[in-house]
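A quick write-up on the structure given underneath.
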Amino acid sequence: MKHIKDELQNIIIGNGQDGQGSQLKKIQDFLRRNENAGSKSEEQKHLKSEEESFLIDYARSEHLIFSGDISEDLFISEGAEQKVYRFDDHSVVKLNGSVFYEYWLDYFNSLLIHNYFFKSTSYEFLGFKVINDSLYAVVRQDFIIATETTDLSALRYLLEYNGFSHIRNNDYQSSDLGIIFEDLHDENVLSREGLLYFIDTVFYITPSFYEN
């Protein structure tokens, strides 16, 4: 577990990630710098609305506003946190407003952690889109078609084998890594030909994540 935690710390608070991951890391670094600059103490942080305002200005200055057309004819589904559209024959785009997270920084931390653990369903950041004065991140992900219903007991066994303890409902926590892994129901973890694919993940970092 120690080497995994070291690698995750390098991604979240260091210089980890390259290639496509560098786009996600670029946004995350900006948000982390902005949080540190705006905090007079550990207890004082920007409101999320302030963070979002800074992020929109940054996205425009860095040409990170998604200009592609997302047609409602390609709409697939909608959850509490995002809308999903078909992108091409092999992938979907997701518009996420980060409603599950206290700050946008938490959302991008979650994406980076997801891409570390689940490369087969990694997120590609395409940019931001402002719709009705609300900010959304636009990400692309391979489209997975389930061939059978996910066995949640088998999923629980897999997670516990890898050091994640069940804490409630469909939520888990790794005390060794200092991360919480939530909302793992059978629509967010798909089973295809006996393999599990994590397509919608929610990770949260706890204070112990930053400890050596």
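Read-outs: derived from the displayed coordinates by stated rules, not from any lab. Remember, predicted model here, so these are calculated numbers, not experimental data. All Cβ positions, glycine included, derive from the backbone under ideal geometry; neighbour counts span all protein chains shown.
Annotations for the structure displayed:
- Single condition N132 does not satisfy, out of (1) within 19 Å of H114 (Cα to Cα); (2) out of contact with any Phe, Trp or Tyr (no Cβ under 8 Å at 6 or more places or on another chain): (1)
Let's see how each residue does on (1) under 16 Å from H114 (Cα atoms); (2) among the acidic types (D, E); (3) touching a residue at least 24 places away in the same chain (Cβ under 8 Å); (4) surrounded by 13 or more Cβ atoms within 10 Å (Cβ to Cβ):
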position	(1), (2), (3), (4)
L152	no, no, yes, yes
L155	no, no, yes, yes
H166	no, no, no, yes
G178	yes, no, yes, yes
L195	no, no, no, no
P207	no, no, yes, no
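- Residues in the stretch 102-114 that are under 8 Å from the mean Cα position of the chain (by Cα) and over 12 Å from V202 (Cβ atoms) were compared, and the one that is surrounded by the most Cβ atoms within 10 Å (Cβ to Cβ) is F108.
- Exactly one residue out of E148, E124 is surrounded by fewer than 19 Cβ atoms within 10 Å (Cβ to Cβ), in contact (Cβ under 8 Å) with a residue 40 or more places away in the chain, in contact with a helix residue (DSSP H, G or I) (Cβ under 9 Å, 6 or more places away or on another chain) and not small (G, A, S), and it is E124.
- Cβ separations smaller than 6 Å between residues 6+ apart or across chains give the following pairs from the stretch 80-98 residues that are among the hydroxyl-bearing types (S, T, Y) to residues that are part of a loop (DSSP other than H, G, I, E, B): Y85/I70; S91/F143.
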